[in-house]
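Working notes, structure below.
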Amino acid sequence: MTARDTFDLTIVRTIRAPREKVFDAFIKPDLARKWFGIRGFTITRADIDARVGGRYRMTMQPRNGEPYNVIGEYRELASPERLSFTWKWEGGSMGELPETTVMVTLKEQRADHGIETVVTLLHSGFPTAPVRDGHAVGWNSTLNRLVDATDARGTAASLTLIGSQRSSYVRSVRMAMVEKGLAYTYDPSTPHSEPVTAICPFGRVPAFRDGDFTLYETSAIIRYLDESFDGPSLVAGTTEKRAMMEQWTSLYNSHCYDAMVRRYLLQYIFPKGADGKPDRKTIDGAVPDIEKQLGVFDRAYGDRNVLVGDTLTLPDLLLAPAIFYLGLFPESKALLAKMPNVTRAHAWIAQRESFKTTMPPLG
């Protein structure tokens, strides 16, 4: 195979940190363990002999499944400007891939916020375009973790949530981030604005960005956060409980949001009836559906404060912002008064830091 038969990958990332700090993150074992590998993986082994001709070995453990091992030899170490090393997967189907080469160049520059480093990673020698593209996904996620580990803002340097504070779905994701202990950058752009449509083709919020990786749809974002970061799990642990969790999540997204938010709450918040008043016909049609849905949740809670198991999970995060809003308007407030379990469970979640720190502006 000649050089012209292979495929190369180039990724550029700008980090708000001096290049000495970024360079050290590549070659010091205690630092490499904090970021090397894609989101959701843990580095269980980081053997690094940082000298030309020295070797390294990294073991990356996913939450489920067998670990991945990558080994290589350092070809160049020119601190703090540049380093290069070979890359070879060891064992499994990945071990069938040929040895490749990684070159990392660090260029420091000044910006309004201070010193930053432009990281250019060139990974050369892939046998096919699909293999190269698969490594592009891995390196983008890995470099997001490098940003988290070296930028003083931590995960706020990589994670951006986009959407109006008043959106119940946006609040659900914000609550999830607080529950996971994640710092993030918040962009309060409204639906159909350019930052939103750049990610979601339907212009709906929330939209989410982790470095170059983007997502929309609330459940998908919360699941990604839960699987990618440490902290309390927001997903039920057993097969049966996960199925129940999916049931409540689907019920809320498919039925409750339409009745509670679209047909009821939005009639008060953005009146479209005669003379700029709420549309009474739409509201009156939604109330019986809301009552039925609240009754289902009231029975599901029983004497617990969460819908599944004994810990907070995805459907609790979806329902809480909607229940908050329902408590502000007359018909739904009266319905909640007849739902003691929903009321008690909501009072419990309302005391959590994730609920209190994400309170939307009213009025």
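The values are calculated or read from the model by the stated rules, or taken from the named source; none is laboratory data. All figures in this text were calculated on a predicted structure; none of them were measured in a lab. Cβ: placed from backbone, ideal geometry, glycine included. Neighbour counts: every protein chain shown. What goes into the accessible areas is simple: the full protein's heavy atoms, side chains included, and nothing from ligands, DNA or RNA. Shrake-Rupley method; radii C 1.70, N 1.55, O 1.52, S 1.80 Å.
A Cβ-based charge dipole, computed about the Cα centre of the stretch 44-198 with Lys and Arg at +1 and Asp and Glu at -1, lands at about 320 debye. Within the shell defined by Cβ-Cβ distances under 14 Å, the residues around Ile199 carry a net charge of -3, with Lys and Arg each +1 and Asp and Glu each -1. Entry note: the stretch 67-174 has Rg to Rh equal to 1.08, where both radii use alpha-carbon atoms and Rh is the Kirkwood radius. Between the residues Ala207, Pro29, Thr120, the greatest Cα displacement towards the positive end of the dipole of the chain, with unit charges on the Cβ of Lys, Arg, Asp and Glu, is found for Ala207.
Cross-link partners for Lys333 among the lysines, with Cα-Cα distance under 29 Å and sequence neighbours closer than 8 places in the same chain left out: Lys272, Lys277, Lys281, Lys292, Lys356. Helical content alone sets the calculated 222 nm signal of the chain at -11000 deg cm²/dmol, taking -39,500 (n - 2.57) per DSSP H segment of four or more residues and averaging over every residue.
The label point for Thr197 and the one for Ile115, both projected 7 Å from the Cα toward the Cβ, are 4.2 nm apart. In degrees from 0 to 90, rounded to the nearest 10, what is the angle of the helix 168-179 Cα long axis to the longest principal axis of the chain? Tilt of helix 168-179: around 50 degrees.
Each of Ser332, Ser93, Ser233 has its accessible area taken with a 1.4 Å probe; listed largest first, they run Ser93, Ser233, Ser332. Quick check: the angle from helix 129-150's long axis to the longest principal axis of the chain, C-alpha only, nearest 10 degrees? The helix 129-150 is inclined about 80 degrees to the chain. In a simple Cβ point-charge model (Lys, Arg +1; Asp, Glu -1; nothing else charged), the stretch 301-359 has a dipole of about 140 debye relative to its Cα centre. Extents of the chain, largest first, come to 75, 45, 37 Å (Cα atoms, principal axes, whole angstrom). Using a cut-off of 12 Å between alpha-carbon atoms, which aspartates and glutamates can reach Lys241, once sequence neighbours fewer than 8 places away in the same chain are excluded? Cα-Cα hits under 12 Å: Asp310.
Think of the stretch 148-207 as having a plus end and a minus end, set by charges on the Cβ of Lys, Arg, Asp and Glu; of Thr185, Ser168, Thr155, Ser168 sits farthest toward the positive end of this dipole. In this simple spin-label approximation, Ile269 and Glu66 carry label points 7 Å from Cα along the Cα→Cβ vector, and these lie 5.0 nm apart. Ignoring the sites themselves, the chain has its longest run without GluC sites (Glu not before Pro) in a DSSP loop having at most 14 other Cβ atoms within 10 Å at 100-363. Heavy-atom accessible surface of Leu251, to the nearest 10 Å², is about 40 Å², with a 1.4 Å probe and all protein chains retained.
Given a 10 angstrom Cα cut-off, can you work out which residue in Ser254, Ser164, Ser189 is the most mobile in a GNM of the chain? Evaluated over the chain, the most mobile residue of the options is Ser254.
Here's the list of aspartates and glutamates a cross-link from Lys28 could span, going by alpha-carbon distance under 13 Å and ignoring same-chain residues fewer than 8 apart: Glu20, Asp47, Asp49. Per residue, the solvent-accessible area of the chain (1.4 Å probe, heavy atoms of protein chains only, all protein chains present) comes to 48 Å². Nearest 10 degrees, 0 to 90: what angle lies between the long axis of helix 239-251 and the longest principal axis of the chain (Cα atoms)? Helix 239-251 and the main axis of the chain meet at about 60 degrees.
For the Cα trace of the stretch 31-97, dividing Rg by the Kirkwood Rh returns an Rg/Rh value of 0.99.
Rounded to the nearest 20 debye, the dipole magnitude of the stretch 1-121 is 340 debye, with +1 charges on Lys and Arg beta carbons, -1 on Asp and Glu beta carbons, and the Cα centre as origin.
Which residue, chosen from Phe7, Thr313, Gly302, occupies the Cα position most advanced towards the positive end of the dipole of the chain, where the dipole is computed from +1 (Lys, Arg) and -1 (Asp, Glu) charges on Cβ about the Cα centre? Of Phe7, Thr313, Gly302, it is Gly302. Restricting the stretch 230-327 to trypsin sites (Lys or Arg not before Pro) that sit in a DSSP loop and have at most 12 other Cβ atoms within 10 Å of their own Cβ leaves Lys272.
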